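Working notes, structure below.
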Amino acid sequence: MTKGERLVNSVALCALYLRGAPFVRCVRRRRWPLVADALRSEGPDLRSLSEALRARGLYDESACLGDTSLVEWALGVCSSGRAVTFLDPCYPRGWGDALGVCAPPCVWSRGTPPAAAAVGVVGSRVLNAVDRSFAAGVGRLAMRTGRTLVTGGAVGADSVALDAAVLCGGAGRCVVVLPYGLDRAPSLPGVCLLSVCEPWAEFTTGQAMERNTLIYAFGRRAVVVRARLREGGTWHGATDALRRRLGAVYVRRRAADPASAALCALGAVGVSSVAELGSLLDLPLSPAQ
């Protein structure tokens, strides 16, 4: 696929599915893999996008792409590098593998997601000294082993791991998946920012849970620094990832901690140190559910 073909295909996906378009669209989001397959097979140009989808029986999608104003809006977004779509080489493959039709066909971006194998870090906002040391160690481990570090950008485990990774020379290999729009995000030099939300969207609990799912699925490996038993976004995100088998979930094993013990009982892998984690990250993953 040439660069020009990728741009056209990205324009189509953004026009149909990118949140925040200034136009009303009547399309079913779960049909996006059919649209992506049609774009790859037909190789249309901008003028023939609508006809290419109509030929595949995608009539609602074809009608939307017949709106030249919508296509021009999407072209402006894609030409300026403000979005990443499923058909881009830098799209996180873990999303498609683990989430299938529930994966986002396109997201807003500030920067380009690295192609290296990734590991996510999640955890409570309130950490003790040992927790903070562990989170920082995971950030440095990701950089030493050539991985991408993925966090949610929250205070606590996320920011500690991210800061350690950047200080370790990780500029260009760190990703933050946000639970709000990019317009509300400060600039983080060397860090790629991604969001499925409208650029102006404020934080919501629902968007935070969606963000958590994307962190676990991004590289299909994620580390839980600390969680509270049956409370908070870290607990609910981890249990959801385990239930849906999004990938390997590692949790710092803490003495007399009911949350880490419960997550291990649900299928997480307990680790006592960053060194032990390093030996586990290279193990093969089971197929996505």
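Roll a 1.4 Å probe over the protein chains and send me the accessible area per residue for the chain in Å². Present the calculation step by step, with values, prior to reporting the outcome.
Working: 12690 Å² over 289 residues.
Result: 44 Å² per residue.
Taking a point 7 angstrom from the Cα of D97 along the C-beta vector, which residues in the stretch 212-246 have backbone N less than 13 Å away?
It comes to 217-222, 246, nothing else.
Rounded, prolate or oblate: which one fits the stretch 1-111, using the alpha carbon gyration tensor with axes a ≥ b ≥ c (rounded when a/c is under 1.5, else prolate when a/b beats b/c, else oblate)? Spell out each step's value before the answer.
Details: a/c = 1.30, a/b = 1.17, b/c = 1.12.
It comes out rounded by the Cα gyration axes.
Of the accessible area of the chain, with the probe set at 1.4 angstrom, what percent is carbon plus sulfur?
On the way: 6830 of 12690 Å².
Carbon and sulfur atoms account for 54 percent of the accessible area of the chain.
With just the Cα atoms defining each centre, how far is the stretch 185-240 from the stretch 108-149? Give it in Å.
Comparing the Cα centres of the stretch 185-240 and the stretch 108-149, I get a distance of 12 Å.
How much length, in nm to one decimal, is gained on full extension between C26 and R245, taken as 0.36 nm per residue of separation minus their Cα-Cα distance? Before the final figure, lay out each step's value.
Working: separation 219, 0.36 × 219 = 78.84 nm, distance 3.15 nm.
In short, 75.7 nm is gained.
Residue by residue through the stretch 153-162, which ³J(HN,Hα) values in whole Hz follow from phi under the Karplus form 6.51 cos²θ - 1.76 cosθ + 1.60 (θ = phi - 60°), with glycine and proline marked x?
x, 7, 5, x, 4, 4, 6, 5, 5, 5
Show me, for the stretch 263-277, the HN-Hα J-couplings you get by feeding each phi into the Karplus relation (A = 6.51, B = -1.76, C = 1.60, θ = phi - 60°), rounded to Hz, glycine and proline as x.
For the stretch 263-277, the Karplus curve yields 5, 5, 5, 8, x, 6, 9, x, 10, 9, 8, 5, 4, 5, 4 Hz.
Can you tell me what share of the DSSP beta bridges in the chain is antiparallel? A percent to the nearest 5 is fine. Each step should come with its number before you reach the end.
Values: 7 of 27 bridges.
In the chain, DSSP labels about 25 percent of beta bridges as antiparallel.
Using only Cα atoms, find the angle between the long axis of helix 232-244 and the longest principal axis of the chain, and express it within 0 to 90 degrees, rounded to the nearest 10.
Once rounded, the angle reads 70 degrees.
Would you calculate a helix-derived [θ] at 222 nm for the chain, using -39,500 (n - 2.57) for each DSSP H run of n ≥ 4 and dividing by the full residue count, to the nearest 500?
Details: 12 runs with 129 residues, N = 289.
About -13500 deg cm²/dmol.
Restrict the search to the stretch 123-215; then list the chymotrypsin sites (Phe, Trp or Tyr not before Pro) that DSSP places in a loop and that have at most 12 other Cβ atoms within 10 Å of their Cβ. Walk me through the numbers before you get to the answer.
Details: sites: F134, Y180, W200, F203; in loops: Y180, W200, F203.
Here the sparse-neighbourhood loop sites are W200.
How large is ³J(HN,Hα) for each residue in the stretch 41-51, as worked out from phi by the Karplus curve 6.51 cos²θ - 1.76 cosθ + 1.60 (θ = phi - 60°), to whole Hz, x for Gly and Pro?
These are the phi-based 3J(HN,Hα) values: 7, 7, x, x, 9, 4, 6, 10, 4, 4, 5 Hz.
Can you give me the long-range amide H partners of A118? Hydrogens built in the peptide plane at 1.01 Å from N, cutoff under 5 Å, separation of 5 or more residues or another chain.
Counting only residues 5 or more places away or on other chains, the set is T148.
Counting residues in the stretch 240-289 as N, plug N into 2.2 N^0.38 Å and put the Cα Rg over that result. Before the final figure, lay out each step's value.
Values: Rg = 11.3 Å, N = 50, 2.2 N^0.38 = 9.7 Å.
Ratio of Rg to 2.2 N^0.38 Å for the stretch 240-289: 1.16.
Principal axes first, then extents: for the Cα atoms of the stretch 59-110, list largest minus smallest coordinate on each axis, whole Å, largest first.
Computed over the Cα atoms, the extents are 34, 28, 14 Å.
So which chymotrypsin sites (Phe, Trp or Tyr not before Pro) in the stretch 1-107 end up in coil per DSSP with only 15 or fewer other C-beta atoms within 10 Å?
Numbers: sites: Y17, F23, Y59, W73, F86, W95; in loops: F23, F86.
Of the chymotrypsin sites (Phe, Trp or Tyr not before Pro), the ones in loops of the stretch 1-107 whose Cβ has at most 15 other Cβ atoms within 10 Å are F23.
Can you give me the long-range amide H partners of A154? Hydrogens built in the peptide plane at 1.01 Å from N, cutoff under 5 Å, separation of 5 or more residues or another chain.
S159
Figure the gain on full extension for L34 and R6 (residue separation times 0.36 nm, minus the Cα-Cα span) and round it to one decimal in nm.
Going from the current span to full extension adds 8.4 nm.
Taking R0 as 30 Å, what's the FRET efficiency between D45 and C90 from their Cβ-Cβ distance, rounded to 0.05? Numbers along the way, then the final one.
On the way: r = 23 Å, r/R0 = 0.76.
After rounding to 0.05, the efficiency reads 0.85.
The values are calculated or read from the model by the stated rules, or taken from the named source; none is laboratory data. Source: prediction; values computed, not measured. Here Cβ is always computed from backbone atoms with ideal geometry, including for glycine, and neighbour counts include all displayed protein chains. Keep in mind that these areas ignore ligands, DNA and RNA; they rest on the heavy atoms of the full protein, side chains included. Shrake-Rupley method; radii C 1.70, N 1.55, O 1.52, S 1.80 Å.
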